[in-house]
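In what follows, a structure is listed as structure tokens, so that the remarks can point back to it.
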């Protein structure tokens, strides 16, 4: 599976999972609301916390899964950026190495040609 297919697969699974969690959260809220009798405002004790300020376990799980999904997306983007930067850096370094090698080879070749042409030619003169 290539990286793009893997990303699409993860996104699809994450969407399905989040939809399932939302469904479970709604069912839990409905169950809780069905089990609680209607309370009159004057019957509510003073030491209780407003229900709006409380987070249910399902709410916490939903927040956690949302954050986990976002973290996965950020991690995937970071990996993609790092891979691209690594490939760019490697390409640049390889180009520099190629240029250096070509320069060294040309210099050595020129030096070798110069030394070969400067060698004394055998003479045919006999004494």
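The values are calculated or read from the model by the stated rules, or taken from the named source; none is laboratory data. As the structure is a prediction and not an experimental result, all values here were calculated from the model. We place every Cβ from the backbone using ideal geometry, glycine too, and count neighbours over all the protein chains shown.
Just a yes or no: is a residue in region 24-37 at pLDDT 75 or above and under 19 Å from residue 13 (Cα atoms)?
The answer is yes; a qualifying residue exists.
When the residues of region 4-30 are narrowed to those that are over 19 Å from residue 70 (Cβ atoms) and touching a residue at least 24 places away in the same chain (Cβ under 8 Å), which ends up surrounded by the most Cβ atoms within 10 Å (Cβ to Cβ)?
Restricting to residues being over 19 Å from residue 70 (Cβ atoms) and touching a residue at least 24 places away in the same chain (Cβ under 8 Å), the top hit is 28.
Of the residues 67, 78, 57, which is at pLDDT below 90, surrounded by fewer than 12 Cβ atoms within 10 Å (Cβ to Cβ) and under 25 Å from residue 13 (Cα atoms)?
57 is the lone residue from the list that is at pLDDT below 90, surrounded by fewer than 12 Cβ atoms within 10 Å (Cβ to Cβ) and under 25 Å from residue 13 (Cα atoms).
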